[in-house]
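The next block holds one structure in the form of structure tokens; read it before the comments.
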Amino acid sequence: MTTSDTQAEDARLLRLVALHSRDAFEMLYDRYAGQVYGIAQRILEDRSASEEVTQETFLRLWRRAEQFDAARGNVRSWLLTMAHRLAIDALRRRRVRRALGLDRHSEQQAAEASEADLQPGWDIRDEDADVHEEAALNISRQRVRQAIAGLSEPHRRVIELAFFSGLTHREIAERLGEPLGTVHSRARQALLMLRQKLPELGPEPGLNEA
């Protein structure tokens, strides 16, 4: 099968997925799950997290199949772009949660529910099932962003580059042209200040200063 034939077949399958065809969904899953997992694994370097991203990617495919626009690309590119974005988001959340001690219970519940949705014989859940969990997570993220916005510029730049751009302290030092020790110090001071703004986050965990 040529590339153009494959793309046409993928588009046909996705149209069937939009009509809730589980057979078509499973064919796309079998065809691209390995590639989706590979992208997530390269970014996250964590099997469990990569599996979660893979499941979330295909859950979104099921829910949003009708939104696909063939004029903007093919199904494979759409899937892999979605996986890349989800993996980057997961990496950023992991950095924030490790540094600030945020509870991952809601994320684990959502991942388990997503995986259950993709098993043979599933029943697709109501979109509103995760509303309360997602609202709680959004509140946490919003409060963290508000706290970061209140930092001085030097501290804020270090934290934003670490958490939202996924850079290590060494990479931040190179980006800012600052000594590595200065970046370490600013990151630690910034985390202490964030904990003063968000006291319910608990004691300071160990920091990954790679």
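The values are calculated or read from the model by the stated rules, or taken from the named source; none is laboratory data. Just so it is clear, the structure is predicted and the values come from calculations on it, not from any experiment. Here the Cβ is made from the backbone with ideal geometry for all residues, glycine too, and neighbour counts use every protein chain on show.
Residue pairs whose Cβ atoms lie under 9 Å apart, sitting 6 or more positions apart in sequence or on different chains, and linking a residue in the stretch 153-172 that is in the same structural domain as His184 (by TED's automatic domain parsing) and hydroxyl-bearing (Ser, Thr, Tyr) to a partner that is buried (at least 20 other Cβ atoms within 10 Å of the Cβ) and at pLDDT 80 or above, are Ser165/Ile172.
When you look at Val96, is it at pLDDT 90 or above and among the β-branched types (Val, Ile, Thr), yes or no? Answer is no for this residue.
Scanning the stretch 12-26 for any residue that is surrounded by 15 or more Cβ atoms within 10 Å (Cβ to Cβ) and at positive phi turns up nothing.
Scanning the stretch 40-79 for residues that are within 14 Å of Leu28 (Cα to Cα) and either of a type in the set (S, T, N, Q) or touching a Gly at 6+ places or on another chain (Cβ under 9 Å) (or both) gives Thr54, Gln55, Thr57, Asn74, Ser77. Looking across the stretch 47-81, the residues that are surrounded by fewer than 16 Cβ atoms within 10 Å (Cβ to Cβ) and of a type outside the set (A, V, I, L, M) come down to Arg47, Ser48, Arg63, Arg64, Glu66, Gln67, Asp69, Arg72, Gly73, Ser77, Thr81.
Gly101 meets the stated requirement of being at pLDDT below 75 and not acidic (Asp, Glu). Restricting attention to the stretch 21-46, the residues that are under 24 Å from Ala71 (Cβ atoms), in contact (Cβ under 8 Å) with a residue 24 or more places away in the chain and more than 16 Å from the chain's Cα centre (by Cα) total 4.
Please find, among Leu194, Leu176, Leu198, the residue that is touching a Lys or Arg at 6+ places or on another chain (Cβ under 8 Å), closer than 21 Å to Gly150 by Cβ, surrounded by 14 or more Cβ atoms within 10 Å (Cβ to Cβ) and modelled with pLDDT under 85.
Values: Leu194 fails: touching a Lys or Arg at 6+ places or on another chain (Cβ under 8 Å); Leu176 fails: modelled with pLDDT under 85.
Of Leu194, Leu176, Leu198, the one residue that is touching a Lys or Arg at 6+ places or on another chain (Cβ under 8 Å), closer than 21 Å to Gly150 by Cβ, surrounded by 14 or more Cβ atoms within 10 Å (Cβ to Cβ) and modelled with pLDDT under 85 is Leu198.
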